[in-house]
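The values are calculated or read from the model by the stated rules, or taken from the named source; none is laboratory data. Everything numeric in this text was worked out from a predicted model, so none of it was measured. Note that each Cβ is placed from the backbone with ideal geometry, even for glycine, and that neighbours are counted across all protein chains shown.
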Amino acid sequence: MKHHERGKGLRAREGNGKKPEEIVTTASLYDNSFKLIFGGAGGVGKTTLLNRFMYNEFNPATPLTVGVAFNTLAIERQGRNIGLALWDLGGQDRFRFIQGIYCEKSQAAFVFFDMSNLGTLGQVPDWISMFRQYNDQSIPIVLVGTKMDLVPETELENIHAIANQYVVDYGMYCYGPTSAMLKINVEEIIYYMIDLLIYNDYCTRAQQAQTGDPGT
């Protein structure tokens, strides 16, 4: 079950008067609260995929994100009430100067590329570098391929091989090919990360209980 708040957009120069840490899902309402960040080259389909995940909507003419867009989502997963803060970072270079601050205190990250335009893989290392610069170096990162429906089947094996090599080379957790139009792997790739975060939280709490450390 999902409960969402649609788009609190943050323009690169205007903002909304609040610091990123002030715009968070209210932790006391949930068993877990996770901040997820989404980056990638402009036009690769980050916002389109998120809209499919949150609202089950598909718009092939989704406008490019200006600066940063923010959404909240409440879900039930593994018997827990989970609050998500989803930060959609505009892919155009002119917004990069402001985006670092919005990456801070994230629990996980997704880096997107367009499977029908492999040139967009060229920006993946820069996004990974920014995510790690403003978070712990071990932040879980998933590589997401979009627009799989536009790729001839004969080319898929090669694209998967290239993407999986990026995962190895840059220490990401996994690669997931998706299609927002056909709703392929949209929920699966995001729930993969949420399940991982739930598991990590469980392990942390178990370790704290064993050592008598209450944590923070």
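Within the range 99-131, which residues are among the β-branched types (Val, Ile, Thr) and part of a strand (DSSP E or B)? Write out each step before concluding.
Let us first name the residues in the range 99-131 that are among the β-branched types (Val, Ile, Thr), namely 101, 111, 120, 124, 128.
Matches in the range 99-131: Val111 only.
State yes or no: is Ile139 surrounded by 15 or more Cβ atoms within 10 Å (Cβ to Cβ), at pLDDT 95 or above and assigned to a helix (DSSP H, G or I)? Can you show your working first?
On the way: surrounded by 15 or more Cβ atoms within 10 Å (Cβ to Cβ): yes; at pLDDT 95 or above: yes; assigned to a helix (DSSP H, G or I): no.
In short, no.
Look at Gly176 and say whether it is surrounded by 15 or more Cβ atoms within 10 Å (Cβ to Cβ) and not in a helix (DSSP H, G or I). Before the answer, list the steps.
Numbers: surrounded by 15 or more Cβ atoms within 10 Å (Cβ to Cβ): yes; not in a helix (DSSP H, G or I): yes.
In short, yes.
Regarding Gln207, is this residue free of Cβ contacts under 8 Å to residues at least 12 places away in the same chain and either part of a helix (DSSP H, G or I) or more than 27 Å from Asn32 (Cβ to Cβ) (or both)? The answer is yes for Gln207. The listed residues are Glu57, Glu76, and the only one of them that is at pLDDT 85 or above, outside any helix (DSSP H, G or I), out of contact with any strand residue (DSSP E or B) (no Cβ under 8 Å at 6 or more places or on another chain) and surrounded by fewer than 22 Cβ atoms within 10 Å (Cβ to Cβ) turns out to be Glu57.
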